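Remarks on the structure that follows.
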């Protein structure tokens, strides 16, 4: 819940949350709390922000970079930064037939089932692929024993 939202549940005095009121007067940026101070030179009030120790600033300032880029039939990624892992996610078991040299050579990767999400996926590390290359691929659906009858491609940046 963002602090600027109105609390709409029953009163929680121990948490200083009262129905119809803001739960706390806090800034939503990196756990900073606003403090009023008087600017003596200008004779006006100003707002300063101090960071609360209970919120790890690194979570906001230095996010962890994701090593994966996801491609699916609903999210057809067109480009990927080299050194990322391209993860192709499908709803059914398939072999992915692919090439990085305009189909001069082909390779094949079987999808792996992920039980908890009931999906199939295959990972393709791009670290050894040259910048400017194109990862082209298609599917052979195992249950239906048929080709997808279409090729896709992802550009390597």
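Among the residues of the range 62-86, write down those that are over 18 Å from residue 130 (Cα atoms) and assigned to a strand (DSSP E or B). Matches in the range 62-86: 70, 71, 72. If you filter the range 133-157 down to residues that are assigned to a loop (DSSP other than H, G, I, E, B) and either out of contact with any strand residue (DSSP E or B) (no Cβ under 9 Å at 6 or more places or on another chain) or surrounded by fewer than 13 Cβ atoms within 10 Å (Cβ to Cβ) (or both), you find that the one that is modelled with the lowest pLDDT is 149. If you filter the range 94-129 down to residues that are over 24 Å from the mean Cα position of the chain (by Cα) and assigned to a loop (DSSP other than H, G, I, E, B), you find that the one that is surrounded by the fewest Cβ atoms within 10 Å (Cβ to Cβ) is 104.
The values are calculated or read from the model by the stated rules, or taken from the named source; none is laboratory data. Since the model is a prediction, treat every value here as computed from it, not as a measurement. A quick note on method: Cβ atoms are made from the backbone with ideal geometry, for glycine too, and the neighbour counts reach across all protein chains shown.
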